[in-house]
Structure formats: structure tokens, C-alpha cells
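Participant: Starting off with a structure, shown below.
The values are calculated or read from the model by the stated rules, or taken from the named source; none is laboratory data. Just so it is clear, the model here is predicted, and its values are computed rather than measured. Quick reminder, even Gly has a Cβ in these numbers, built from the backbone with ideal geometry, and neighbours come from all protein chains shown. With ligands, DNA and RNA removed, areas are computed over all heavy atoms of the protein, side chains included. Shrake-Rupley method; radii C 1.70, N 1.55, O 1.52, S 1.80 Å.
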Amino acid sequence: MERFFRSDFFYHFCHAPVAIVSFITIILIILSAIFANLIAPTNPFDPSSLNLMNGFTPPLETNEFTGESFLLGTDDQGRDLFSTILYGLRISLFVGLMAVFLAMVMGVLLGLIAGFLGGWIDSIIMRFADIQMTFPSILVAMLIYGVARGILPPEVRYEMSIVVLIISIGLSEWVPFARTVRGSTLVEKEKEYVTAAKMIGLNRQQIMVRHILPNVLSPVLVIATITFALAIIAEATLSFLGVGVPTTKPSLGTLIRIGQDFLFSGEWWILLFPAITLLALALSINLFGDWLRDTLNPKLK
Amino acid sequence: MSFINVDQLTRLFDLSEPWIVRAITGQKKRILTAVDCVNFQIEKGETYALVGESGSGKSTIAKMVAGILVPTSGSVIIDSKDFNDAKLDKTSMNALRRKTQMVFQSPYASLNPRWKIGSIINEPIKAFGLIENENSQHIRVIELLEQVGLSERDIGKYPHEFSGGQRQRISIARALASEPEIIICDEPTSSLDVSVQAQVLNLLKDLQKNFSLTYLFISHDLAVISTMANNIGVLKEGVLVEEATPKDLFCKPQHDYTKMLLAAVPNLQNN
Amino acid sequence: MDEPLLEIKDLSVSLKKRNTISVAVDCLSLNLYPSEILGLVGESGAGKSMTGSAILGLIESPLYISAGTITLHGQSIVEAPEHIRGSKISMIFQDPLVSLNPLKTIGEQLVKTIKTHFNISKAEALERGKRLLSDVGIDPERIDAYPHTFSGGMRQRVVIALALAPDPDLIIADEPTTALDVSVQAQILNLLKRLCIERGTSIILITHDMGVISETTDRVAVLYSGRLVEIGETSDVLQHPKHPYTAGLVASTPNIDPHSFHKKLFQIPGTMPDINDVPNGCAFHPRCEHASNICQTQKPPLFNARASCWLLETPGETL
Ligand SMILES: Nc1ncnc2c1ncn2[C@@H]1O[C@H](COP(=O)(O)OP(=O)(O)OP(=O)(O)O)[C@@H](O)[C@H]1O
Ligand SMILES: Nc1ncnc2c1ncn2[C@@H]1O[C@H](COP(=O)(O)OP(=O)(O)OP(=O)(O)O)[C@@H](O)[C@H]1O
Ligand SMILES: [Mg+2]
Ligand SMILES: [Mg+2]
């Protein structure tokens, strides 16, 4: 740990205001999502705490029927917007994180196998990746989402909707991981330490996992950061299009869709605050990811 | 029969385009003969050196002797066993692998940058199951480090904390870890400075004496070879054009190619 | 001797990293005379390339020239604009592929270089390019070929032709033959020697190969830890080294000599220090068998314009 604080990485971090600001924003947003139940004044997912009379209260104004007031106002069903955003963030971040994790595991594994084994296995995996890349990933996600919904029996559809969402976003984002890992694997497998490992009779799995994998992981972190932002936006887009999470447990995207319905009737806050949150989150993750890429990979500058 | 017998060793490489491309463009297959019917023997405890220009097939031979590249035809027989013998069972295969180890040219690429020195040297010990007990493994790693002139302090360090010469020493320690009888040195000092080169070459000589090791030593530097070899083979485009002891080769070179190589060596005394 | 072509006086190149400053080239002084080949030799990290970069003005942050002057024809070139340097000094790098554009024929590259330095027509430039190619021993008919169709040694010749295009007074060759085979190396070194005699170009040859130094150069400068430890006529330095480091380098170079087959080589113990912790006094003292007290505390000056070693302080004492 002490080594980390003395490292060049930490030094560069301390001298990059953009990195510091975006990192703090990300941490703040993540912490407030984790501790949403402690910070939020109400639990928006608990129908019993809702009071329809509170609907459409503007920010910081007192509701004329109930006499309550809300920091960021309420939505059509009288849910406190501040609390809803915090809980919505939880869902957005959870979906994003799990989707990135899925994409990463899949991409790294396939890239490693393609690069190390080569031949027809490599051709199949990479041609498949090429084909998938010709479609926008949101389209791929929607396709997978639709297929999954069609396969699942109606009883479980509702509970499974978040899992389906994670899988469809995850499957639509694995290609950049696979391409990068394959590229580094092609370089690493020609190095002499791999030959040395062959000389002591290690088999292919052992060489891939023990020797090559640790050496191809560093760019993966950078891609994961950038994909995380993409995944959160993809989740928001899907939910905005109404194919994502159910409205009873709204994510940021769902909130934006709800808010959009009321934009022209003057209830601007229902759209604005979730949108700002999403923007701040995606932007800071992207900025941090860019900085990370430049720092870890000086050649790309 | 000698300790190592290389018999009619040949290796081809297919350099042609994929068949689809060939079918469309009407190209023929392009086959490169990297090693062409090479024969030589190495006696136990001796050093056989291969010299030749870049691309003459030195590394290809080294890989075939090390059992990590399959010959197109011909054979390498080490102590009457052959890596490519289909009848070889798993135990004798492992024993043969343990016997032959390799030291590489690049001090940077030959050590896994994510592994600590201790684990790098310990890996062959574990892989061949030479020592089971972890404490004894640790003691053996320290012993190996000391044999190559490093110390116990270096166990927890990573490769990037060492200089090129020190890394070659670590490579040598790793090769020694499996208690081999043969070490194949593929240009072990080509990327080192003269002063460090002298240290590494002397170390290799000491180890040969102490453990009666057999070396297949590859270099393109005739001066280095003259200080190391008992026998020298000169390779040109995959063919062994001349084979002699250092004395004969340097005093009475037979083949024109050898004479050309000798004339090209920059020599301190010529000035 | 005539006026020196290039004069380096007390040149220091430093490296600034966070709050520490380390010195990569330390107070180096050298002269280079017209049509002379000067060798710059030393272990990896001794500061050879850095000295070359300083002459070419290629030192970039975090490195900077912290002291000293470099003059060419008596004019300071530390702050000279690039085109003045470019037409008088050329550079040859270790890897010929780095200096050649793979997408252009060598003719196009030659013509472009010639036209940036001389105000002549394209046809004349092409003519000149062909002459340069035949000068370096390449068939001028191949002027329309692409770099990848040449072998390593021929590419290095093309690079030399490109370096000759501005008709420079000085060529800095940084390990021009390290990537090549001995036989090709011999051809390239002969070419450099010939150019030096025929065109009167001076050459600084950077290498770590004592054999190359011995066969090619007129004078040699030995660097250790960024400092000049010995300089002099090549044959004199190699046969009667005055500095223990030079002596060690010469002795540890393997040689084809029937009396030394199978003998152990001489070895200098230890390794060159990192530029961040150069020892006090003479940088070589921890590895030197002749080291005395003064070596540990005081930097030796260059005695007799030859070697920086305290052994030379008392006249008559030699290695
Ligand atoms: N895997 C491969 N596929 C195709 N061609 C190969 C392969 N390995 C080697 N070759 C070719 O075989 C020839 C001999 O190569 P090798 O590596 O044995 O040369 P070398 O003598 O070791 O040269 P160097 O001194 O440059 O290491 C070369 O022409 C090379 O291009
Ligand atoms: N950009 C840089 N940043 C930090 N240190 C550097 C940089 N470039 C060179 N150095 C250091 O400066 C010293 C001198 O380097 P230089 O490249 O001149 O060595 P050299 O004698 O040419 O070695 P080689 O034979 O390996 O080319 C070395 O210790 C090197 O680590
Ligand atoms: Mg080779
Ligand atoms: Mg250099």
C-alpha cells in the first residue's frame, strides 16, 4: 500500500485535476448509491410510504395538500425524487457493474483462447466478433433482450428482468475486451518466458492462466472503466425505451422516461435531475477512463 | 553412440498464403528449408557451438534439440531417447524434459515480468516434483541464486529490478533448477555489454565444470565461440558447411563461408 | 592539428524527475577534427546516445542541457535553429527501419531530403540521389524500390545515403551495426571509413563493441556513468590503457587467439551504477582494484589530456 502512494501512478494522479475531480464524483455517486437507505428520506420502492397527494410537488416547495416539502420535488406518484434517484442509481450501477463484469470475463477468456490457440478457433471467435461489431451494441442488447424475454416463461419474466438486462448488455460489450486481450496474447505468447514454461512441460491451460493472463490484464482495466460508462448509458437507453427494468423499481433511465412524459406540461424537474445525475456519472467515468488510458499507456498519447 | 546425436535433422516452414488466397491469386506454395539434413554429435560434458549469420537456422535447431519444435524429418537422440518418439511414456518424457533446459537471448522477454524471482526459479522444481516440502524448496532456491552469484535478498524482487546481466543469471538459475544435464544457450550474451558478457560466460564455464553440464552454445560471435567451444559447427542457410575444433577452424578454415566470417570479425589485435 | 570541427566543453545533461535531479552526462569535453572518426564507447547507460542527442539538439524534457557549450565551426549550436544543424549534422540510428518510411520508395525519400537542403530541380535531385546510392554501394537502378525489398545491410546503406544527402560535415552514427551480422557489419564499417576519407566528413561512431572501435576509429573516448574516463589515439588507448576501466573493457573482450581457447575471460566485478546513485569521487572506484582513499572522495580530473584516474597524478606511475 505504501508502495502505491509512492508510485508514479499516484504522483500523476495528484497532478491531474480532471482525474481527481472525476474520481471524487464517481466515489461520491457510488457511496450515495450504496448508502441510499441511510441518506434517502423515504423508501420509494415501498408503496405504503407513498402518498399520491404529494404528486408533482416542485423542488423545495411545500405541497399544498400535505404540507410536506421535497429537496428535488416529487414525481407523478408522489415519490420523493431525491430518494428515487438514489435508489435508481443503485440499480443503474448494479446493472452496469454486473454487465461489465460479464463482458470482461467473457471477452478476456475468448480473447485469450483465440490469441493463444490461433487457427480455426481464433478465426471463428474473431469473425463472430467482427460481425457483432457491425451492429450498434444497443441494437445487439435489444435483440438479446427480446430473445431472452421470448424464451423465459411469463411467470419469471418479471423477476428475471434485471438479470436479462445484465446479460444482454454484457453480451453486447465483450468484443473490445476480446480484441485487446487477443492482441496482447499474440505478443506475449512469442516471448521466451512462455518457451521456458513449455520446456518444463506445462500444458496449455497452465501457460495461459499462470503466465499469459497476468501479462495481458493491464489494458483490460482501462477498457472496463470505459465500458462501465457505456453499460450505464445502455441500461438507461433500454429502460428509456421501456424494455429495461420495471417502473416499480425505476433506474435512472426509467426515471428519465417518466420525466419526459411531463416535460411539456411544466414538471421539468422530473426529467432534469435524473438526467443530470446520469450525465455526471457517465461523464466522470469517461474522463477518468481516458486519463487512466493515457497514464497507463504513454504510447497512446 | 554419443550423448546427443543429431541425425539428418531437417525442418521446413510453410510460408505460403492461406489456400483461399492462393486459389484466387494463383500463387504457388512457398516452402522454406530452415534446417537441411544437419548431423552432429555432442559428448557428455562438452560444448558444441553453432555459428552462422542471422536466419541460418541456429535457433530452429536449438528448439528441435530442446524438444519444443517437431522436426520435419530426422531425429535428435539424447541419451538414447527421442522427444518425438510416440512410444515414449509420460515419466520418461518428463525425465527427458528435466534433463534439457534452455537459456535465451533476451534478458527482458525470458522472465515473466509479473512473477517474483523466487517463484520463477521455483517453478521447475514444482513442475517436476523434485522437492515437495515448501521449506526445502525455499532453501534450494536460495542455493541456486547463490550458485549464479545472486543472494537470498533477491527472492522477493521482480525482474524489472535487475540489470540485463543479472537477469541472464536468473535465467541460468531457472535452467539449473531442474538439475539438467544439457543446457541449450541461444545467444545468451548477445544483448549484454562486454564486461557483463565476460561475467556470464565465466559463470557458464564454472557451472559446466561443477555439474559436468553439456552445452549446445549458439552465437554469431566467433570470438565468443572461440572461448567456449570444444567443437564448432558453421551453419549457412540451414546447411552445416563445416565442423571442426576451434584450433582447426580458426587456424585452417576450409570452407569459403567460414573464411569470410572469420575475416569479418572485428578484432582488437588487428589495429 | 587544425581547428576542431566540433568542440564540446563541459557539457552536462541532467534529468529532472519529481524533486530529484540526476546527471546523465557529467561535464564532458571533447574535440572532433575534420575527416576524423571518433569512437564513443562504454557500457549500456553510460550516456553515449545522450551525448549524440545533445549534439543534434534532440534532448527533450525531462532531460535538459544543464551546463556547457557545443560549437560547430566555432559557432554555438546549443540554441541554433534546427535547419542549421540539419544541414551540417546527420544521424544514423541502430534500426534502419525506424529512419525509413515503408510507404515511399527510397528515391522519393532521397529527393525529398535533397530538395529540403538544396534549391535544385527534381531531375537534378534525382541525379544526385542516384550518385549517393552508388556511393554507398547500391545499384542506382534500384532507386524506385521500396525499403522492404532490401536486406538489413542494404537498408542501413540507404540510411547512410539519406544521411549524406545534405552533404553534412558531421555524421553521428549511433550503433549503426548492432542489428546486423558480422559480415554486413564489416561492409558498413568499411563504407563509413571510405566516406570519411573521400568526402572529408567527420564521424562520431557510438558503439559498445571494442572490436568495432579498434578497426574503425582514429580516436576513441571511453565513457563511464556519463563521465569521460579516457580519450586518445585508438591504438594507444587499446594497447596501453591508462584508466583501469578501459583496461578492464579491453581485457574482457573475447578475442580469437589460439592461446586463449577455453581460458576464462577477465571480468570486471560488479555493474555500472544507476544514474540516480553515482558514488562519490571517481564513479568507478567500487569496481576498481587500484582504488585508494582519494578515489572515494574526489572526482579525478583529466590528467595529461588522456585519462581521469588518480593513478596518473604521480607521474611515471602506470597500470
Ligand atoms: N515459426 C516460423 N515460421 C516460419 N518461418 C520461420 C519460423 N521460425 C523460423 N523461421 C525461418 O527460418 C529461418 C531460420 O530461422 P532461425 O530463427 O533458426 O535463425 P537464426 O539462425 O536463429 O537467426 P538469428 O541469428 O537471427 O536468431 C529464418 O529464415 C526464419 O525466417
Ligand atoms: N528519457 C529518459 N528519461 C530518463 N532517463 C533517461 C532517458 N533517456 C536516457 N536516460 C538515462 O540516461 C542514461 C544514459 O543513457 P544513454 O541512452 O545515453 O545510454 P547509452 O550509453 O546510449 O546506452 P546504450 O548502449 O544502452 O544505448 C541512462 O542511465 C538512461 O537510463
Ligand atoms: Mg536465433
Ligand atoms: Mg544508446
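Participant: Roughly how big is chain C's charge dipole about its Cα centre, with Cβ charges of +1 (Lys, Arg) and -1 (Asp, Glu), in debye to the nearest 20?
Facilitator: Numbers: 28 positive and 36 negative charges, 114 e Å.
Charge dipole, chain C, about its Cα centre: 540 debye, nearest 20.
Participant: How much mean residue ellipticity at 222 nm does chain C get from its helices, if each DSSP H run of length 4 or more adds -39500 (n - 2.57) and you divide by all residues, to the nearest 500 deg cm²/dmol? Spell out each step's value before the answer.
Facilitator: On the way: 11 runs with 104 residues, N = 319.
One gets -9500 deg cm²/dmol as the mean residue ellipticity at 222 nm.
Participant: Of B:Ile139, B:Ser75, B:Ala223, which is farthest towards the positive pole of chain B's charge dipole, taken about the Cα centre with +1 and -1 on the beta-carbons of Lys, Arg and Asp, Glu respectively?
Facilitator: B:Ser75
Participant: Further question on the same structure: Not counting the cut sites, what is the longest span of chain B without GluC sites (Glu not before Pro) that DSSP labels loop and that have at most 13 other Cβ atoms within 10 Å? Numbers along the way, then the final one.
Facilitator: Numbers: sites that count: B:Glu43, B:Glu132.
In short, B:133-271.
Participant: Okay, next question. Can you give me the Rg/Rh ratio for the range B:1-146, using Cα atoms for both radii and the Kirkwood formula for Rh?
Facilitator: On the way: Rg = 19.4 Å, Rh = 18.3 Å.
Taking Rh as the inverse mean 1/r over Cα pairs, Rg/Rh reads 1.06.
Participant: A further question follows. Pop out a list of residues from the range A:7-30 that are at least 20 Å² less accessible with all the protein chains around than in their chain alone; 1.4 Å probe, no ligands or nucleic acids counted.
Facilitator: Residues shielded by partner chains are A:Asp8, A:Tyr11.
Participant: From the phi angles alone, apply the Karplus equation (6.51, -1.76, 1.60; θ = phi - 60°) to the range C:36-53 and give each ³J(HN,Hα) in whole Hz, x where the residue is Gly or Pro.
Facilitator: Karplus values, whole Hz, x for Gly and Pro: 10, 9, 9, x, 10, 10, x, 6, 4, x, 6, x, 5, 4, 5, 4, x, 4.
Participant: As a test of the formula, what do you get for chain B when each DSSP H run with n ≥ 4 contributes -39,500 (n - 2.57) and the sum is divided by the residue count, at 222 nm and rounded to the nearest 500 deg cm²/dmol?
Facilitator: Numbers: 10 runs with 104 residues, N = 271.
When only DSSP H runs of four or more count, the value is -11500 deg cm²/dmol.
Participant: Restricting things to alpha carbons, find the Rg to Rh ratio for the range A:77-300 using the Kirkwood radius for Rh. Please list the in-between numbers first.
Facilitator: Working: Rg = 20.5 Å, Rh = 19.1 Å.
Taking Rh as the inverse mean 1/r over Cα pairs, Rg/Rh reads 1.07.
Participant: Another question, then. Compare B:Arg97, B:Arg22, B:Arg169 in a GNM of chain B, Cα atoms joined below 10 Å, and give the one with the largest fluctuation.
Facilitator: Its mean-square fluctuation being the largest, the pick is B:Arg22.
Participant: From the backbone phi of the range A:95-103, what are the Karplus-calculated ³J(HN,Hα) couplings (6.51 cos²θ - 1.76 cosθ + 1.60, θ = phi - 60°) in whole Hz, Gly and Pro given as x?
Facilitator: Ordered by residue, 3J(HN,Hα) equals 4, x, 4, 5, 5, 4, 4, 4, 4 Hz.
Participant: Which distance in Å, rounded to a whole number, links the C-alpha centroids of the range C:150-194 and the range B:178-239?
Facilitator: 29 Å
Participant: Need one number: buried accessible surface between chains C and B, 1.4 Å probe, both sides summed, DNA, RNA and ligands left out, in Å² to 100. Spell out each step's value before the answer.
Facilitator: Numbers: alone 16250 and 14180 Å², together 27080 Å².
Summing both sides, the interface buries roughly 3300 Å².
Participant: Same structure, new question: Taking a threshold of 25 Å on the Cα-Cα distance, which of the pairs C:Lys48/C:Lys88; B:Lys126/C:Lys263; C:Lys88/C:Lys112; B:Lys205/B:Lys247 fall above it?
Facilitator: On the way: C:Lys48/C:Lys88 20 Å; B:Lys126/C:Lys263 36 Å; C:Lys88/C:Lys112 17 Å; B:Lys205/B:Lys247 19 Å.
In this structure, B:Lys126/C:Lys263 exceed 25 Å between Cα atoms.
Participant: Another one. Roughly how many whole Å is it from the C-alpha centroid of the range A:171-215 to that of the range A:141-161?
Facilitator: Going from one Cα centre to the other spans 36 Å.
Participant: Hey, in the GNM for chain C with a 10 angstrom Cα cutoff, which one of C:Pro166, C:Pro102, C:Pro286 fluctuates hardest?
Facilitator: In this elastic network of chain C, the residue with the biggest mean-square fluctuation among C:Pro166, C:Pro102, C:Pro286 is C:Pro102.
Participant: Show me, bin by bin at 10 Å from 0, the whole-percent P(r) of chain C based on Cα pairs.
Facilitator: Bins of 10 Å from zero give 6, 25, 32, 23, 11, 3, 0 percent of pairs.
Participant: Okay, moving on. How large is ³J(HN,Hα), in whole Hz, for each residue of the range A:218-223 in order, when computed from phi with the Karplus curve 6.51 cos²θ - 1.76 cosθ + 1.60 and θ = phi - 60°, using x for Gly and Pro?
Facilitator: Rounded to whole hertz, the list is 4, x, 4, 4, 5, 4.
Participant: Pop out the carbon and sulfur fraction of the accessible area of the protein assembly as shown as a percent, whole number, probe 1.4 Å.
Facilitator: Values: 23450 of 41290 Å².
C and S fraction of accessible area: 57 percent.
Participant: Then there is this: Dimensions of chain B along principal axes (Cα, Å, largest first)?
Facilitator: Principal extents (Cα only, largest first): 60, 56, 41 Å.
Participant: If you take the Cα Rg of the range A:82-153 and divide it by 2.2 N^0.38 Å, with N the number of residues, what do you get?
Facilitator: Numbers: Rg = 16.4 Å, N = 72, 2.2 N^0.38 = 11.2 Å.
Here the Cα radius of gyration is 1.47 times the empirical estimate.
Participant: Among A:Trp291, A:Leu255, A:Ile200, pick out the residue whose Cα is farthest towards the positive end of the charge dipole of the range A:163-301, where Lys and Arg carry +1 and Asp and Glu carry -1 on C-beta, about the Cα centre.
Facilitator: A:Ile200
Participant: At each listed q (0.17 Å⁻¹), what is the log10 of I(q)/I(0) that the Debye formula gives for the range B:179-222 modelled as equal alpha-carbon point scatterers?
Facilitator: One equal scatterer on each Cα of the range B:179-222 leads to -0.48.
Participant: Ok, one more. Mind listing the Cα extents of the range A:189-254 along all three principal axes, in Å, largest one first?
Facilitator: Cα spread of the range A:189-254 along its principal axes, largest to smallest: 59, 19, 14 Å.
Participant: Using Cα positions and a limit of under 29 Å, work out the lysines in reach of B:Lys28, with same-chain residues fewer than 8 apart set aside.
Facilitator: B:Lys58, B:Lys63, B:Lys236, C:Lys104
Participant: Which parts of the range C:228-275, residue by residue, lose 50 Å² or more of accessible area when the rest of the protein chains are there, as against the chain isolated (1.4 Å probe)?
Facilitator: In the range C:228-275, residues shielded by partner chains: C:Pro254, C:Asn255, C:Ile256, C:Phe261, C:His262, C:Lys264, C:Leu265, C:Gln267.
Participant: Please calculate how many Å² of accessible area the range A:77-300 carries per residue, with a 1.4 Å probe and no DNA, RNA or ligand atoms counted. Provide the component values of the computation, followed by the final result.
Facilitator: Working: 9940 Å² over 224 residues.
With all protein chains present, the range A:77-300 gives 44 Å² per residue.
Participant: Would you be so kind as to list the residues of the range B:194-212 that have their accessible area lowered by at least 10 Å² in the full protein complex compared with their chain by itself (1.4 Å probe)?
Facilitator: The answer is B:Val194, B:Ser195, B:Val196, B:Gln197, B:Ala198, B:Gln199, B:Leu201, B:Asn202, B:Lys205, B:Asp206 - residues whose exposure falls by at least 10 Å² when every protein chain is included.
Participant: Please find, in a Gaussian network model of chain A (springs between Cα atoms separated by less than 10 Å), the residue of A:Ser92, A:Ser161, A:Ser265 whose mean-square fluctuation is greatest.
Facilitator: Per the Cα network of chain A with a 10 Å cutoff, A:Ser265 tops the list.
Participant: How large is Rg over Rh for the protein assembly as shown, taking Rg from the Cα atoms and Rh as the Kirkwood inverse mean of 1/r across Cα pairs?
Facilitator: Numbers: Rg = 34.1 Å, Rh = 32.5 Å.
Radius of gyration over Kirkwood radius for the protein assembly as shown works out to 1.05.
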